[in-house]
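The values are calculated or read from the model by the stated rules, or taken from the named source; none is laboratory data. The model shown is predicted, which means the values in this text are computed figures rather than measured ones. Glycine also receives a Cβ, built like all others from the backbone with ideal geometry; neighbour counts cover every protein chain displayed. Quick note on the areas: whole protein, heavy atoms, side chains included, nothing else; ligands and nucleic acids left out. Shrake-Rupley method; radii C 1.70, N 1.55, O 1.52, S 1.80 Å.
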Amino acid sequence: MSALFGPSGNSRSFYDEGHKRTVEAPEWLKKRGLDVFEYSFGRGVRLKEETAKNIGKEFSSRGLIMSVHAPFYINLASTDEVKKKNTVRYFNESITAAHWMGAKRVIFHPGSLGKDTRDRAFGRAVDFFEEIVDETKSLGYDEVHLCPETLGKINQLGNLEEVLKLCNIDREVIPAIDFGHLYARTTGGIKSKDDYKRILDEMEHSLGDERAVKFHIHFSHIEYTEHGEKKHRDFKDKGFGPDFKPLAELLVERNMEPVVISESPTMMAEDAKTMKNIYMKLKSSI
Ligand SMILES: [Zn+2]
């Protein structure tokens, strides 16, 4: 088995070549040797069942797999009853749309501290997420897994420890490790292979099961300030990190099988392919 690679959304070049709709993406990605596609519901789930099923069919018939990204407005730590109700709705809608598409993972942002302390905000997030896991299970779409993502701003919930704790609420919850975000929130703290090793070890120790092998990765270069994430960058923009190669070495050495999604702002497919090439070259040399 192998790691799988693909973009979040469509590259600028996809549109420049005259393509307009995501239903055209599977053929385009297949030609470029990619394996997966992450469909973003960042600004809300606005896909009809028929469209979702059509898109899903186009991907699956070419052997490509899909994941979806839930709306950015989700906040597990919110105290506002209206926002909490909306958060539940975003989860239900994302999972349902994922089911229509044949996607098995829903990636989501845990939320932010607001004006509260980290401990109190995270305590609320844990309680609310327990409710959400129960509530969403009643949909009956057991093949779809929720994936909390590590986030890039220091005042957001979603450092590595918090994401792993959310995963420990239920064995069906899979971590989405965004290495660019971890790099940004530690203001450039991922440099060496050992830095990556520590992250993977912590994940393995905390989960201790297959989820630490078949986890979800977001990877892109990122610009940051003292508050963490500022902006995602394409690989072609020079001077930004983190470096993918040490992580690729570990994925190969440890026989890991993650789904690796590029979240570059304009060249996500190209950068996903660059990562796949680095990974495949290392894999074929052992
Ligand atoms: Zn995200």
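Structural remarks
- The label-point distance for ILE286 and VAL213, in a model that sets each label 7 Å from Cα toward Cβ, rounds to 1.3 nm.
- Comparing LEU139, LEU34, LEU207 in a Gaussian network model of the chain, where Cα atoms under 10 Å apart are tied by springs, the biggest mean-square fluctuation is seen for LEU139.
- Estimated distance in nm for a label pair at ARG120 and MET1, the labels positioned 7 Å out from Cα along Cα-to-Cβ: 4.3
- Vicinal HN-Hα couplings computed from phi for segment 181-190 (Karplus, 6.51 cos²θ - 1.76 cosθ + 1.60; Hz; Gly/Pro x): 5, 5, 4, 6, 6, 9, 6, x, x, 10
- In segment 1-76, GluC sites (Glu not before Pro) in a DSSP loop with at most 16 other beta-carbon atoms within 10 Å: GLU17
- Rolling a 1.4 angstrom probe over the chain with all protein chains present gives an accessible area of which 49% lies on carbon and sulfur atoms.
- Placing unit charges on each Cβ (+1 for Lys and Arg, -1 for Asp and Glu) gives the chain a dipole about its Cα centre, and among ASN277, ILE95, VAL252 the Cα reaching farthest toward its positive end belongs to ASN277.
- GLU143 versus ASN54: modelled label distance in nm, points set 7 Å from Cα along the beta carbon direction: 2.1
- Cβ-placed point charges (K, R +1; D, E -1), dipole of the chain about Cα centre in debye, nearest 20: 820
- Under 5 Å from the amide H of LEU157 lie the amide H atoms of GLY111, SER112, LEU113, each residue being 5 or more positions distant or on a separate chain, with H modelled from the backbone and absent for Pro and chain starts.
- At full extension, THR225 and GLU202 could sit 5.7 nm farther apart than now, given 0.36 nm per residue minus the alpha carbon distance.
- Alpha-carbon centroids, segment 236-286 and segment 156-185: separation in whole Å: 20
- Calculated from backbone phi, Karplus (6.51, -1.76, 1.60) coupling profile of segment 228-244 in Hz, x at Gly/Pro: x, 3, 10, 7, 6, 10, 6, 4, 5, 6, 7, x, 10, x, x, 8, 6
- Pairwise FRET efficiency - VAL133 versus ARG43, Cβ, R0 = 30 Å, nearest 0.05: 0.75
- Leading residue at positive end of dipole, the chain (Cβ point charges), from TYR39, THR187, SER206: TYR39
- Between segment 90-135 and segment 2-25, the C-alpha centres lie 27 angstrom from each other.
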